[in-house]
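Trainee: The structure follows.
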Amino acid sequence: MGNDIRRGSAEMTAAMLISGTIGWFVLMSGQPVAGVVFWRCVFGALTLAVLAALFGLIDLRHLRMKVVALAALGGVAIVVNWLLLFAAYSRASISIATMVYNTQPFMLLGLGALFLGEKITASKLFWLLVSFAGMIAIVSAKPAGAFEPGHYLAGIALALAAAFFYAIAAIVTKLLKGTPPHLIALVQVITGAAMLAPFALAAPLPQSGIQWTLLVTVGVVHTGIMYILLYGAIQRLPTHMTGALSFIYPIAAILVDRVAFGHALQPVQIAGSAAILVAAAGTNLGWTLRPVSLIRDQRSAS
């Protein structure tokens with residue numbers, strides 16, 4: 001294993017572990033969702049700007065009007081995605097919200113076919129059906145603990161909507177090919193801060209040092225540092241390794257939810273979550289439905 005692969009694997013693992021803990025920080029902050037996302041954008045923008053300047057990643061030649069406009073549009077989508085996902089945590093638990101959120105590859109699949117002319121193969125359609133079956137299993141489960149049925153279903157709907165807006169942000173990012181991803185992220189969080197400022201600043205500010213510490217951590221660690229780690233990993237790793245290591249995120253989220261809040265998944269929820277993760281893996285890693293004999297013949301011919 002080369003140095004780039006080792007470093008990229010470490011960066012991707014760290015980024016996914018950080019992402020898996022964000023639900024705990026959001027819920028423990030005790031702040032309205034809009035306030036959490038606003039401060040995430042503010043502290044994230046400051047961190048990204050400082051780190052990008054230190055590493056020489058800021059090149060203003062890339063900031064043409066079209067690039068800024070598209071990045072800002074992606075910023076609106078990613079901020080709405082955060083608002084919806086964070087709102088889902090308190091309604092359906094961190095575990096369930098994260099698992100449902102992992103349907104995002106299929107949202108991206110549909111949008112890619114609609115706007116980018118990407119082909120939906122039989123294999124991709126199969127994994128979509130597997131993911132849908134997993135969603136049905138999760139929706140049909142009775143919520144555990146203090147979650148009310150109405151709130152549980154609302155949480156699932158919010159997580160699905162969050163996945164949709166993430167897919168929109170990803171489509172916009174595809175249109176920005178060639179633009180340094182750190183600049184895209186910086187424009188996105190600045191857009192988010194400006195977008196939410198009227199709502200967040202009209203509400204009372206956090207009162208305790210613990211609340212401020214949690215919000216600063218979400219901005220600095222879960223946004224600024226996490227983005228730097230993630231983009232560094234993406235640049236160093238082959239696509240299949242990036243896709244495989246991304247599943248550390250939902251596993252970490254389940255463990256955090258279990259340890260911190262005592263939320264355990266029911267058997268039908270475990271089955272549904274497993275189906276979604278397997279389907280997402282099949283889509284991200286390009287698993288196909290070709291018969292084994294055909295694969296063997298192709299390998300023999302090569």
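Taken together, the values in this text are just the output of simple stated rules run on the coordinates, not laboratory data. It should be emphasised that the depicted structure is a prediction, and the values quoted were computed from it without experimental measurement. Because the Cβ atoms are built from the backbone with ideal geometry, glycine has one as well, and the counts that use them run over all protein chains shown.
Trainee: Let me know the charge dipole size of the chain about its Cα centre in debye, to the nearest 20, where only the beta-carbon of Lys, Arg (+1) and Asp, Glu (-1) is charged.
Mentor: Dipole of the chain, to the nearest 20 debye: 580 debye.
Trainee: Mind ordering 107-114, 147-154 by average Cβ neighbours within 10 Å, highest first?
Mentor: Averaged packing, sorted descending, gives the order 107-114, 147-154.
Trainee: Which parts of segment 24-42 would a label at I210 reach, counting a residue when its backbone N lies under 11 Å from a point 7 Å out along Cα-to-Cβ?
Mentor: 28-30
Trainee: How high is the relative contact order of segment 1-113, in percent, counting Cα pairs under 8 Å that sit 6 or more residues apart?
Mentor: Contact order relative to length: 32 percent.
Trainee: To continue, here is another question. Distance between the C-alpha centers of segment 1-76 and segment 194-234? Whole Å please.
Mentor: Spelled out, the Cα-based centre of one part sits 10 Å from the other.
Trainee: Another question, then. Assuming R0 = 35 Å, what is the FRET efficiency of T288 and I234, from their Cβ-Cβ distance, to the nearest 0.05? Could you put the intermediate results ahead of the total?
Mentor: Working: r = 24 Å, r/R0 = 0.67.
Efficiency, from the Cβ-Cβ distance: 0.90.
Trainee: Mind listing which chymotrypsin sites (Phe, Trp or Tyr not before Pro) in segment 1-93 are in a DSSP loop and have 13 or fewer other Cβ atoms within 10 Å?
Mentor: Sites meeting the loop and neighbour criteria: F55.
Trainee: Also, quick follow-up: Please give the contour-minus-distance gain from L175 to A53: 0.36 nm per residue of separation, less the Cα-Cα distance, rounded to one decimal in nm.
Mentor: That works out to 41.5 nm of additional length.
Trainee: Stretched out fully, how many nm does the piece from A10 to A122 gain, at 0.36 nm a residue minus the Cα gap?
Mentor: Difference between extended and current length: 36.9 nm.
Trainee: Any idea how far apart A113 and A260 come out in nm if each label point goes 7 Å out from Cα toward Cβ?
Mentor: 3.6
Trainee: In 10 Å bins starting at 0, how do the alpha-carbon pair distances of segment 7-145 split up by percent?
Mentor: 9, 26, 35, 24, 5, 0
Trainee: Right, next: Could you grab the relative contact order for segment 3-301? Cα pairs under 8 Å, six or more apart, rounded to a whole percent.
Mentor: Reported as a whole number, the value is 43 percent.
Trainee: What's the longest piece of the chain with no exposed trypsin sites (Lys or Arg not before Pro), counting a site as exposed if DSSP puts it in a loop and it has at most 10 other beta carbons within 10 Å? Walk me through the intermediate numbers first.
Mentor: Numbers: sites that count: K119, K177.
With trypsin sites (Lys or Arg not before Pro) excluded where exposed in loops, the chain gives 178-302 as its longest stretch.
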